[in-house]
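What follows is one structure encoded as structure tokens, with my remarks underneath.
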Amino acid sequence: MPTVGLGTFQIPLEKMNDVVGWAYSLGYRMFDTAWKYNNEGAIATALKYNGIKREDVFISTKCNADALFFGGCHAGKKGIFDIRNFKSAKKAIVTSFENLQTDYIDLFLVHWPWPIPIAQEFYMELVRLQKEGRIRAVGVCSALPPHLDAFKDVSDVVPAVNQFEISPLNTQKQLIKYCKDRGICVEAMSTFSHFRNTETRKDIVGNEKIAPIAERYGKSIPQIILRWLVQQGIVVIPKSSNKERLQENISIFDFSLTEDEMSIIDNLDQGKFLNYKPDVTLTKPCWFRGRVPKKYRGWQGFNEQ
Ligand SMILES: NC(=O)c1ccc[n+]([C@@H]2O[C@H](COP(=O)([O-])OP(=O)(O)OC[C@H]3O[C@@H](n4cnc5c(N)ncnc54)[C@H](OP(=O)(O)O)[C@@H]3O)[C@@H](O)[C@H]2O)c1
């Protein structure tokens, strides 16, 4: 699995051919997509358009409970809660293979661990496809210890990857350690702030405590942040549809941060989630699956254990 990949959420579809082509020529070999991004097909087209062979890239995608009952992300309000759209986890997963026009997927993630019984169904189906050789690695997203327990309850296959939000404002040290102790690779998402929190992006990409470090190495603040992650053994997937920023985000292997510099960034932690807070999935009932099974409720955070 490459250390740096391209996050593709919200790359405009009409720019996908260019962005994928630029990214590939700059050295990106991993593309992170999801059924819910409605761009799997555009990525398949862009790979073909740029003459990129399937075996030369690492494709990561995700299955989402929404796929079971959405007519599609863009089906409009009518399509969203129409139970007549209901399809099986298997069918939802197969859709990604069709969209991506591929026989195999390198990494297939459960997009969001809610509702837990559906996430478990997805997980079992992904493991089954892995055994058939159609998926190389199965992983999860935003999984806290109770979610990891829930996956363990239905399969003895340990997730290869847990993709979750990590940024200087949310360093996630305990969850990182928890995953690493179990041999789960950590992948950081929404590092420069999620689209719902673009204001906070300034506190990250313009962080005044990181600025002097960036100056010292002649690098940008985003490069220092990505380096801080990579130096912790974390895989990164920054999204950009801008050629210069694509170049910037992958040019992080010609310097290293000192322990003191790493600590300066570690100490910026505020536990601040820019994306959804994953612990809501342990309490929020699901309209078609009822309450969260009792054994997974009651997570109080690492400090409270
Ligand atoms: N599993 C999940 O639930 C989940 C959730 C969220 C995201 N993800 C995955 O993680 C990927 C990354 O997360 P994200 O898209 O939320 O956020 P992100 O990559 O942390 O941030 C993207 C934003 O930062 C800007 N940006 C990128 N590089 C920059 C740089 N060097 N300097 C300044 N600004 C820069 C981008 O603008 P420009 O495009 O204009 O450069 C874009 O607006 C996603 O694309 C997706 O693949 C997964």
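Readers should treat all values here as calculations from the given coordinates under stated rules, not as data from a laboratory. Not measured: the values here are computed from a predicted model. Because the Cβ atoms are built from the backbone with ideal geometry, glycine has one as well, and the counts that use them run over all protein chains shown.
Here the Karplus curve 6.51 cos²θ - 1.76 cosθ + 1.60, taken at θ = phi - 60°, turns the phi angles of segment 247-263 into couplings of 5, 4, 6, 9, 8, 10, 10, 10, 7, 9, 8, 7, 4, 4, 5, 4, 5 Hz, with x standing for Gly and Pro. Our helix-only sum for the chain, with -39,500 (n - 2.57) per DSSP H run of n ≥ 4 divided by its residues, gives a mean residue ellipticity at 222 nm of -11000 deg cm²/dmol. Largest mean-square fluctuation among T171, T61, T198, in a Gaussian network model of the chain whose springs join Cα atoms under 10 Å apart, belongs to T198. With both residues required to sit in segment 6-304, DSSP beta bridges show an antiparallel share near 10%. So if R0 is 25 Å, what FRET efficiency would S263 and R201 give, r being the distance between their Cβ atoms, rounded to the nearest 0.05? Calculated transfer efficiency: 0.60.
Near C185, the amide H atoms lying under 5 Å from its own belong to V161, N162; only residues 5 or more places off or on other chains count, and H is placed 1.01 Å from N. Between rounded, prolate and oblate, where does segment 156-214 land on the alpha carbon gyration tensor, with a ≥ b ≥ c its root eigenvalues, rounded for a/c under 1.5, else prolate if a/b exceeds b/c? Taking the square roots of the gyration eigenvalues as a ≥ b ≥ c, segment 156-214 is prolate. Could you identify which residue out of Q223, Q231, Q120 has the top mean-square fluctuation in a GNM of the chain using Cα springs shorter than 10 Å? Evaluated over the chain, the most mobile residue of the options is Q231. Place +1 on the Cβ of every Lys and Arg and -1 on the Cβ of every Asp and Glu in segment 6-304, take the dipole about the Cα centre, and give the residue among S142, S241, V205 whose Cα lies farthest towards its positive end. It is S142, whose Cα lies furthest towards the positive end. Backbone geometry of segment 149-159 corresponds, through the Karplus equation with coefficients 6.51, -1.76 and 1.60 at θ = phi - 60°, to 3J(HN,Hα) couplings of 4, 5, 5, 5, 5, 10, 7, 8, 7, 6, x Hz, x marking Gly and Pro.
For K219, a cut-off of 16 angstrom between C-alpha atoms picks up these aspartates and glutamates, skipping any fewer than 8 places away in its own chain: E208, E244, E248, D254, E261. Backbone phi angles across segment 37-43, fed through the Karplus curve with coefficients 6.51, -1.76 and 1.60 (θ = phi - 60°), yield HN-Hα couplings of 6, 6, 10, 4, x, 5, 5 Hz in residue order; Gly and Pro are listed as x.
Straight-line cross-link partners of K36 among the aspartates and glutamates, defined as a Cα under 16 Å from its Cα and at least 8 positions apart when in the same chain: D66, E98. Near F58, the amide H atoms lying under 5 Å from its own belong to M30, F31; only residues 5 or more places off or on other chains count, and H is placed 1.01 Å from N.
Summing charges over neighbours of C141, with a neighbour being any other residue whose Cβ is under 13 Å away from its Cβ, gives -1 when K and R count +1 and D and E count -1. For the chain, what is the relative contact order in percent, using Cα pairs closer than 8 Å and at least 6 residues apart in sequence? It comes to 18 percent, rounded to a whole number.
Taking F288, F86, F58 in turn, the Gaussian network model of the chain (Cα-Cα springs below 10 Å) assigns the largest fluctuation to F288. Dipole of segment 6-304 computed with +1 at Lys/Arg Cβ and -1 at Asp/Glu Cβ about the Cα centre; of I264, A89, G133, farthest Cα towards the positive end is A89. According to the square roots a ≥ b ≥ c of the eigenvalues of the Cα gyration tensor, what is the shape class of the chain, taking rounded for a/c under 1.5, prolate for a/b larger than b/c otherwise, and oblate for the remainder? Because a/c hits 1.5 or more and a/b fails to exceed b/c, the chain counts as oblate.
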